[in-house]
Amino acid sequence: MIEILPYREAQFGEVDALWRAVFPEDPPHSHAAVAVPRKLAVQRELFLVAVEDGRVLGTILAGYDGHRGWLYKLAVHPNARRCGIGEKLVRAAEKRLAALGCAKVNLQVRGTNREAARFWAHMGYAEEPRVSMGRSLL
């Protein structure tokens, strides 16, 4: 049975391996060694893992700044996809965000990742006419 639980430090190795498998092109600032400690410092309760028989099969990070919620790092182990794990992670994160008063959730999908875009559309998310912009500070 899949459980959605808050992340524990003892799960770092499994999360790191999962992210390396699912996000092989991520830049260094998004690797687990950097991203996990930063997330644990801010809203650690919004870092969720999907666990079955003690094994981490998925992750999601969420954040809320008082205006909008954001979802990041939805990852499901390739051998465990299409079993509802992603949906459970998303709904659990949405529930926690709503409990904080969050009225709208945003996320970004790489333009080349059509599979992810289809998943998010299935979950009720819609493409919005926006230009995503960013700037590295570190």
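The values are calculated or read from the model by the stated rules, or taken from the named source; none is laboratory data. None of the values given here were measured: they were computed from a predicted structure. Note that each Cβ is placed from the backbone with ideal geometry, even for glycine, and that neighbours are counted across all protein chains shown. Heavy atoms of the whole protein, side chains included, go into the accessibility calculation; ligands, DNA and RNA do not. Shrake-Rupley method; radii C 1.70, N 1.55, O 1.52, S 1.80 Å.
Computed values, structure above
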item	result
Close pairs from region 102-114: first among the polar types (S, T, N, Q), partner open to solvent by 60 Å² or more (accessible area, probe 1.4 Å) and not in a loop (DSSP other than H, G, I, E, B), Cβ under 9 Å, at least 6 apart	Asn106/Trp70; Gln108/Trp70; Gln108/Tyr72
Qualifying residue in region 33-41 (condition: open to solvent by 50 Å² or more (accessible area, probe 1.4 Å), modelled with pLDDT of 95 or more and farther than 25 Å from Asn113 by Cβ)	yes
Selection count where residues are loosely packed, with under 13 Cβ neighbours inside 10 Å, modelled with pLDDT of 95 or more and part of a loop (DSSP other than H, G, I, E, B), scope region 1-26	1
Region 107-122, subset outside any helix (DSSP H, G or I) and open to solvent by less than 60 Å² (accessible area, probe 1.4 Å), residue nearest to Ala62 (Cα to Cα)	Leu107
Unique match (being touching a His at 6+ places or on another chain (Cβ under 7 Å) and at negative phi) among Gly58, Gly13	Gly58
Residue count for region 64-94, restricted to those that are out of contact with any Lys or Arg (no Cβ under 8 Å at 6 or more places or on another chain), assigned to a strand (DSSP E or B) and among the small types (Gly, Ala, Ser)	1
Residue list for region 69-91, restricted to those being under 11 Å from the mean Cα position of the chain (by Cα) and buried (at least 19 other Cβ atoms within 10 Å of the Cβ)	Leu71, Lys73, Leu74, Ala75, Val76, Gly86, Leu89, Val90
